[in-house]
Amino acid sequence: MEALQYFSAVSLLNTFVSLAAAFVLGALIGLERQVRQRTAGLRTNTLVAVGASIFVSLGSRLFEIHGGSQGALQIVAYVVSGIGFLGAGAIMKEGANITGLNTAATLWGSGAVGACCGASLLGEGILAALFVIAANTLLRPVVNRINRQPINEERSEASYTVYVICDKSAQAEVRESLVQELEAATYPARDVHQHSFGPMDTEIEAVLYATAVNAEELDVVMNKLETVPQVKQAFWNSSAD
């Protein structure tokens, strides 16, 4: 039986060390991304690191077992590419929200597990499966706890948008005042758009450059804009980028 023939305690230990290192280092990278509330967070980065480690370990073992033959390695490369397309189909984008990254990374890890089993490296396949499961289960409470915390404006990479509602007849002047006030407060606008807001009003929307914003300073700008006679309302909000 090839599975027994290819079993090696030393190689299995090397694979375990590689996977453990990938798990820990991938989790450290993912933790920083999760704290900043980025799309690819703790579990996704860990899964990708573990999956990559599995495939590289598999390639090394196949090279060792088959004496440098490239046939098995080429098949593994095709499997990696195919799973990449499959994972891309699991990723969905709705507006600014992206979902399915963790599912795609899990598919990639599952593909690596299957590749190990197909190569009769059952020990490596079992280790791979355990690390993929650990990334999805043991790290879930950490992710949930981080996500329940409010966004830390100093650490997160957030986007800030200022809204001003004014009379249509004064939209040009108000837009110019908005841009000037933001620049004076050292929060220059990256993009400024305006559109109708009811039959008589216009909403001016200014997107600021990604940076940490002092809420009190931006509130001062809003208060100044609301003193302009044609301005009916001025406010701002932030969201994780």
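Can you sort Y163, Y187 by 1.4 Å-probe accessible area, starting with the largest?
If we order Y163, Y187 from most to least accessible, we get Y163, Y187.
Starting from 0.36 nm per residue, how many nanometres of slack lie between A52 and V35 once their C-alpha separation is accounted for?
Extending this stretch completely gives an extra 3.8 nm.
Quick check on packing: order 174-180, 57-63, 108-114, 137-143 by the mean number of other C-beta atoms within 10 Å, highest mean leading.
Top of the packing list down: 108-114, 57-63, 174-180, 137-143.
With every protein chain left in place and a probe of 1.4 Å, what is the accessible surface of E173, to the nearest 10 Å²?
Estimated to the nearest 10 Å², E173 gives 110 Å².
By average Cβ neighbour count within 10 Å, what is the ranking of 198-207, 18-27 from highest down?
18-27, 198-207
All other residues with a Cβ under 12 Å from the Cβ of C116 taken together, and with Lys, Arg as +1 and Asp, Glu as -1, what is their net charge?
0
Report the extension gain between E205 and K224 in nm, rounded to one decimal, defined as 0.36 nm multiplied by the number of residues separating them, less their alpha carbon distance.
Length gained between E205 and K224: 5.2 nm.
Add +1 for every Lys or Arg and -1 for every Asp or Glu among the other residues with Cβ under 15 Å from the Cβ of E183, and state the total.
-1
Any idea how far apart V24 and A170 come out in nm if each label point goes 7 Å out from Cα toward Cβ?
6.3 nm
The values are calculated or read from the model by the stated rules, or taken from the named source; none is laboratory data. If you're wondering where the values come from, they're calculated on a predicted model, not measured in any experiment. Cβ: placed from backbone, ideal geometry, glycine included. Neighbour counts: every protein chain shown. These accessible areas exclude ligands, DNA and RNA; they are computed on the full protein's heavy atoms, side chains included. Shrake-Rupley method; radii C 1.70, N 1.55, O 1.52, S 1.80 Å.
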